[in-house]
Every structure is written in structure tokens, then in C-alpha cells.
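The values are calculated or read from the model by the stated rules, or taken from the named source; none is laboratory data. All values reported here derive from a predicted model rather than from experimental measurement. Cβ: placed from backbone, ideal geometry, glycine included. Neighbour counts: every protein chain shown.
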Amino acid sequence: YAAVSRQLHFTEKMPGPPLESKILGHVEETMCPPEDMPTMVSARFKEYGSLLRIWIGGFPLVFIEEGKYAEVLFTSECTEIKPEFYRLLHGWLGLGLLTSSGPLWQQRRKLTNPAFHFSILNDFCEVFISNTLTLIDQLRQNPDGTFVNVMTQMKLVALDNICGKASAMLMTRMSKPWLWNELLFFLSPTGRKHWRDLSTIFEVTDMAIESRRHMRENKDNHLRWGSEEFDGSQKMAFLDLLLEACEKNSVSLLDEDLRDEVSTFMFGGQHTTSGSMGYTLFLLGNHPEIQEKCHQELDDIFQGSNRKPTVGDLQKMNYLEQVIKESLRLFPGIPLLGREVAEDLQVGDYTVPKGTVLILSVYSLHRDPKVFPDPDKFDPDHFSPEKSAGRHPYAYVPFAPGPRNCPGQKFALMEVKVVLSYILRNFQLESEHELEDLKISFALVIRPQKDLNVKFTRRNP
Ligand code: HEM
């Protein structure tokens, strides 16, 4: 009670909608369906400014949308804790890297960090290329001139659909406070459906772990990673790092822990990346002049050859990189980032008391007209070297800065570049809908409300 009154004391001073009931708080925000969330959040910031508080079920939430506030959030040592609402993901991601906090998170982060070393990334380039060639073959099977939903097409494995549903469930659950209780949730029809989706996900993750374990046990099966012998290599993908740690007993990892981490990487690595590719294709499909500049850049690099890209080629795709960054600005994979404040924290003129949840709306931050003039326009020049120079370092944070940033960001950028450059070398894109007509929802990831249909017409590289 003392902690709640203290939070009330400090947060009452902040701008925000009037508090009619301290118990229920701002129920309309809680009950807001995911598709109304972007409008609701923007309207609140417009009304109260770039720092505001709301109360939900007796707890304050402080929303922020400006680079200077984001800087405080991500540079403070007391903001490594994931808020209570991440608990709603525990049934799926358990206490994996994304959802855990404290010493457990520190240990796992340290353990998996080497999996993102640049030498590992370079090895992955080949994997991306071979998957993309399959995708290009699939796209070629669509007759020229038919529209394809790019979000479905970019989901390179069917499982991603289920991951999408499981993540959307988090928002549905957040909008129905009676489903926050685990027992009530799992007794409800929505909860039972969620469990069925999760068991499919778990079947696949368990299979992946088992088959990798089996491969490791049969070292004579010529299993190689990159160019080095598998068991003598320092270059290991993340699952190998975890399995090796289990074999050497250097950390204690139960089968459930392995499953949590595999699910976390599957969710973190797949859904966000396929989303970024889908939005970028859609945006290029309704901006022919920008698409033409990408074609030009790629034609200059490949000179009419259909050879595979090298890591060096990818580094030369500067304009395509600007396009990808701009697409992540407009549609950041994770639109809202939450952190619990472990100590009182001074944010601007206000003290955010210990235990309060701070939520950065990355979506609103990235559309700040003071930083990105004409913020709703798709303009890759926002990321030209000249325009990027001197920009507030926390004005653009699609991968979240600070100690809990995305470990897979380089991996993701490389994957997106490989896939998009291949598609652009082979096809001309045309989107069915205009950018202005695109409505999005805030699930755990950002989702389009309608299919993003794009026409792929073959072109000669
Ligand atoms: C365009 C693609 C991606 C975007 C936009 C993205 C974005 C993010 C963001 C914003 C966070 C912070 C989440 C939070 O604090 O709640 C995060 C965390 C994370 N991401 Fe990514 N991500 C992408 C791709 C990837 C990939 C490819 C992987 C793995 C291969 C990955 C693995 C993770 C993990 C494990 C975390 C949790 C890190 C921690 O809490 O220590 N992500 N990502």
C-alpha cells in the first residue's frame, strides 16, 4: 500500500487524463483493442505532451515519446527489468532472454552473445542466400501481374503464422484484465486456443533441439559449421552454444530452459524480420521512383550478372540500407517498449517512482516532426549521411538501445538485405494499396490490419 501511495503521489503531478477511480484507473485504455491502440496513443500524446501517465488497475504507466526521455530510459542502470506484463508471455517464451530479468538474464545474455559475432554472421550469409533462392523460385511461380500478400510470402516458415497469433494474444489478453489471471485465462476458450498454438510451437522447438543434439552426438556425420570442424570451433550458432554449455555443465540448463531460449530466438528473430521485409516491399511497391534508385544501385553492383551476393556486395548497398532503415522508422517491429524502474528516476521535470512502468512509444518517437520533417512520408533520404549527422542518438531506436538491446540487429539487417536485394534484382514491384490507406495494430509486434498485396513482375537483372 505504501509503495502504491508513493507512486500515486509522484505520478499525480504528471500530465495525463483525470483519475476518476483509483482502483479501475483508465479502463478505456486497458480495454482498447489492438487496432485502436496507435490512434489512442497518438491522441493522448497530442493532448498531454510527450510524457504522460495513466493508471491501470491501481498501477501507474508512464508513456514517453521523445528522444531526450528515451535517452534517460535506456542509459539508466535501473531500467533493465522487464515489466510485469511480460509475464503474460511466460506461457510461451518462459524465462528466455526477452522476458527474464536480473542474474538469470545476465547469465543467458553472456552465454548467447558470441552467437552474434560478425564471423558467424558472414557464415549465415550463405544460409540466407540459399533460402532466398527458394523464395525467388516460389515468387516466379506466381503468374506476372497477380497480387501476392507480402506478409504471408515473407513468412518463410509456416510456423511464423502461429507465432504471430501467439503474440497477438498478448494484446488481446492485455485488453481484458480478467484474463490476466493465469487460471481464468487457461479456462477461457481464448486461453485453450492459445495453448493449442503453443503446443504446435513447442513440438517444433523440441524437434529442433533434439535433432541438433543428435547431430552433435554423431560427430562422424561430417557436420561442419562455416569452414571449421564443428566440435573444435569457436564459431557457434546460438543453439550450439547452449547445447555445449549443457554438455560441459558450465551452466545449468534444463530442457525447458533450452525450449524457452529457442522459442525466444524464433519469435525475436523471425517475426520482426519478416515484418520488416514485408513493409519494405509494400513501401517500394508504391514508390516507383525510390524503387528505381534501388534497381540502379543493384544494377551498378551486379552489372547484369545473376551471381550470388558477397558480404562485400551487401556493404555497398547503401541506398537499400537507407530504405530498410526508413521502413523500420515508419513500422518499427516492436512499437512499444516497456521497462520497470528499479529506483526513482528523474525524467525531464518529473520523478518516476521506483516500481513504475515506463513505456516508450517507438512508433511515436519515430514520427516526431521536429526530427523527421513530414514524418508520415516514406523518404529514405531521412537516413542520408548528411541528414543523419547530428541527429539525437535516441531519436531512432528500432532495435532498442542500452543493455537490453536486440542482439540480432546485425543478423536481421543482413538477412533483410540479402532477401530484398535478390527480390529487387529479379522483380518490379507494385502495391495494391496506398501508404495512406494502410492501418496498423499494436500487437507485441506491429501488424497491418489488411493484406499487404504486392504485384511481382519479372525484370532482367
Ligand atoms: C528487423 C528485425 C528485428 C527487430 C526490429 C528487432 C527488435 C528488437 C527490439 C526492439 C528488442 C527489445 C525488446 C524489448 O525490450 O522488449 C529486441 C530484443 C531481442 N531480439 Fe530483436 N529484433 C529483430 C531481429 C532479431 C533477430 C534476427 C534476433 C535473433 C536471431 C533477435 C533476437 C532478440 C532477442 C533474443 C531479444 C531480447 C534481448 C534481451 O532482452 O536481452 N531479434 N529486438
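Anything in region 97-151 that is within 11 Å of the ligand (Cβ to nearest atom) and charged (D, E, K, R)? List them, or say none. Listed by number, the residues that qualify are Arg108, Arg109, Lys110. For region 39-59, state whether one or more residues are of a type outside the set (Lys, Arg) and within 30 Å of Val204 (Cβ to Cβ). No, the conditions are met nowhere in region 39-59.
Return the pair list, or none, for Cβ contacts closer than 6 Å from residues in region 386-409 that are within 21 Å of Ile446 (Cα to Cα) and among the aliphatic types (A, V, I, L, M) to residues that are more than 6 Å from the ligand (Cβ to nearest atom) and assigned to a loop (DSSP other than H, G, I, E, B), at least 6 apart or on different chains. That search, which allows pairs on different chains as well, returns Ala395/Val371.
Let's see how each residue does on (1) under 20 Å from the mean Cα position of the chain (by Cα); (2) modelled with pLDDT under 95:
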{"position": "Gly304", "(1), (2)": "no, yes"}
{"position": "Tyr319", "(1), (2)": "no, no"}
{"position": "Leu330", "(1), (2)": "yes, no"}
{"position": "Glu340", "(1), (2)": "yes, yes"}
{"position": "Glu343", "(1), (2)": "no, yes"}
{"position": "Thr356", "(1), (2)": "no, yes"}
{"position": "Phe372", "(1), (2)": "no, no"}
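Would you kindly identify the strands (runs of 3 or more DSSP E) lying entirely within region 375-454 that contain at least 3 residues that are within 30 Å of Gln303 (Cβ to Cβ)?
Details: elements: 427-431, 440-442, 446-448.
Here the list reads 427-431.
Taking the criterion of being among the small types (Gly, Ala, Ser), under 23 Å from Thr272 (Cα atoms) and more than 11 Å from the ligand (Cβ to nearest atom), the residues of region 71-96 that qualify are Gly91, Gly94. Considering (1) surrounded by fewer than 16 Cβ atoms within 10 Å (Cβ to Cβ); (2) within 26 Å of Glu292 (Cα to Cα); (3) within 12 Å of the ligand (Cβ to nearest atom), the lone condition that Leu413 does not fulfil carries the number (1).
Please tell me if Leu429 is in contact with a Phe, Trp or Tyr (Cβ under 7 Å, 6 or more places away or on another chain) and either of a type in the set (Lys, Arg) or closer than 16 Å to Gly278 by Cα (or both). So Leu429 passes the test. Among residues of region 346-362 that are on the phi > 0 side of the Ramachandran plot, those with a Cβ under 6 angstrom from a residue that is crowded, with 17+ Cβ neighbours inside 10 Å and assigned to a strand (DSSP E or B), sequence gap 6+ or separate chain, pair up as Gly348/Leu51.
Which residue is surrounded by the fewest Cβ atoms within 10 Å (Cβ to Cβ), if the candidates are limited to region 356-400 and must be aromatic (Phe, Trp, Tyr) and away from the ligand (no atom under 16 Å from the Cβ)?
First, the residues of region 356-400 that are aromatic (Phe, Trp, Tyr): 363, 372, 378, 383, 394, 396, 399.
Applying the additional criterion that residues be away from the ligand (no atom under 16 Å from the Cβ) yields 372, 378.
Working: Phe372: 22, Phe378: 20.
Of everything passing the filter in region 356-400, Phe378 is surrounded by the fewest Cβ atoms within 10 Å (Cβ to Cβ).
Tell me which residues, restricted to region 344-367, are within 20 Å of Asn405 (Cα to Cα) and of a type outside the set (A, V, I, L, M). Of everything in region 344-367, those that are within 20 Å of Asn405 (Cα to Cα) and of a type outside the set (A, V, I, L, M) turn out to be Ser361, Tyr363, Ser364, His366.
For region 381-404, the count of residues that are within 23 Å of Phe116 (Cα to Cα) and polar (S, T, N, Q) is zero. Does region 430-444 contain at least one residue that is modelled with pLDDT of 95 or more, within 16 Å of the ligand (Cβ to nearest atom) and not β-branched (Val, Ile, Thr)? No: zero hits. In region 145-203, of all residues being of a type in the set (Val, Ile, Thr) and under 21 Å from Lys450 (Cβ atoms), the one that is modelled with the lowest pLDDT corresponds to Ile162.
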